[in-house]
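Handing you this structure, nothing more for now.
The values are calculated or read from the model by the stated rules, or taken from the named source; none is laboratory data. Small disclaimer: the values here were computed from a predicted structure and weren't measured. Here the Cβ is made from the backbone with ideal geometry for all residues, glycine too, and neighbour counts use every protein chain on show.
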Amino acid sequence: MRKACSLVWSVLVLLFQSRASLGAEILILRHQLNIQRRHLPKRLTFSAMDRLIFVGLSRLAPSTLNALTIVKPETVVRWHRVGFRSYWRWKSRPRSGRPTVAVEIRRLIREMSIANPLWGAPRIHGELLKLGVDIGQTSVAKYMVKRRHPPSQGWRTFIRNHADGIAAMDLFVVPTISFRLLYGLLIMGHGRRHILWFGVTAHPTAEWIANQVTEACGWEQAPRYLIRDRDGAYGEVFILRIRSIGIRDRPTSPRSPRQNACAERLIGSIRRECLDHVVVLGERHLRHVLLSYMNYYNETRTHLSLNKDSPLSRTVKRAGRILCRPILGGLHHKYVRI
């Protein structure tokens, strides 16, 4: 501002000088500029006020561009264009707009769009209105998760929607006290990971396995799909029986136990929690042990995959005295309130 005032004062003084003195002063000033240019660096820095003065004088008197020595005329023209854009950008700035969306609401919109891939902006907007969140639909669309592909459910959701119609079965070997081998047949449902049936025999045949499936599932509540391995015990009689019931047989690939992972994991739990601590006396004894474990597993034992609940859901009791009841001779215990 001081430079601008000094320049205005110089202009007022020049109005009262003669033409000869003005010409002489201009020559002296130009000679001084030439001397300064020989000692100054090639690139000079200009402040915003310096640029404003150059641009203003060039607009008032375009002939003054010919007198420029420390800067090119093209640079002054470029400064003028930059100033023109800056002025209209400032002139067109938004005076008012939408209020900013809180971080919590933006996070909620993102979580809702991730958890519900089939929902669009109108659906999420309607849900937010029911929750008392006053926000526009365009803002909801702005903060939703952008997807590269069409919306689709995840595998976990797909499996959960079909788990109630899937059952799995597998055979496992149990040695007895007399070194005989007994075969246990496990049938479990994928819905709540509960045990449907335990069968015990010394000679598993296709007809025996078919009868076990019929007793476990019945003719009216049979699962839609049955997962099993490719054991030779599942013969033609077994396949015809489950087809007549309406069950679609789904054998796993050869040497692929992970395709029947739920049954394999359950058999491992049976061994670790029961059979590895019991000496089996015979077929009747093994059937009794397995049925006792099935009751404990379905009604009492909590599971991580079920949010610490049992397959047959247990109610939470907060009043009463806690009692401890042994299961399998004290191998496990059941705690209840009475």
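Which residue is surrounded by the most Cβ atoms within 10 Å (Cβ to Cβ), if the candidates are limited to region 181-201 and must be among the aliphatic types (A, V, I, L, M) and out of contact with any Lys or Arg (no Cβ under 7 Å at 6 or more places or on another chain)?
That would be M188.
Go through region 233-253 and give me each residue that's farther than 17 Å from H162 by Cα, part of a loop (DSSP other than H, G, I, E, B) and under 43 Å from the mean Cα position of the chain (by Cα).
Residues satisfying the conditions are Y234, T252, S253.
Pick from D249, D229: which is exposed (fewer than 14 other Cβ atoms within 10 Å of the Cβ) and within 15 Å of I187 (Cβ to Cβ)?
It is D249.
Please find, among F172, F84, the residue that is of a type outside the set (S, T, Y), under 30 Å from P204 (Cα atoms) and out of contact with any Cys (no Cβ under 9 Å at 6 or more places or on another chain).
Unique residue meeting the criteria: F172.
Hey, could you check region 273-325 for residues that are at pLDDT below 90 and farther than 18 Å from V336 by Cα and say which is surrounded by the most Cβ atoms within 10 Å (Cβ to Cβ)?
This residue is L306.
Out of region 219-231, which residues are assigned to a loop (DSSP other than H, G, I, E, B), at pLDDT 90 or above and not basic (K, R)?
D229, D231 - these are the residues of region 219-231 that are assigned to a loop (DSSP other than H, G, I, E, B), at pLDDT 90 or above and not basic (K, R).
So S253 ticks every box in (1) without any contact (Cβ under 8 Å) to a residue 40 or more places away in the chain; (2) small (G, A, S); (3) closer than 27 Å to T176 by Cα but one. Which box is left unticked?
Looking at each condition in turn, S253 falls short on (3).
What about L129, is it surrounded by 12 or more Cβ atoms within 10 Å (Cβ to Cβ), modelled with pLDDT of 90 or more and closer than 29 Å to C262 by Cβ?
no
Is it the case that some residue within region 281-292 is touching a residue at least 60 places away in the same chain (Cβ under 8 Å) and either small (G, A, S) or not in a helix (DSSP H, G or I) (or both)?
Checking region 281-292: at least one residue is touching a residue at least 60 places away in the same chain (Cβ under 8 Å) and either small (G, A, S) or not in a helix (DSSP H, G or I) (or both).
Which one of L44, L65 is at pLDDT below 70 and in a helix (DSSP H, G or I)?
Residue meeting the stated conditions: L65.
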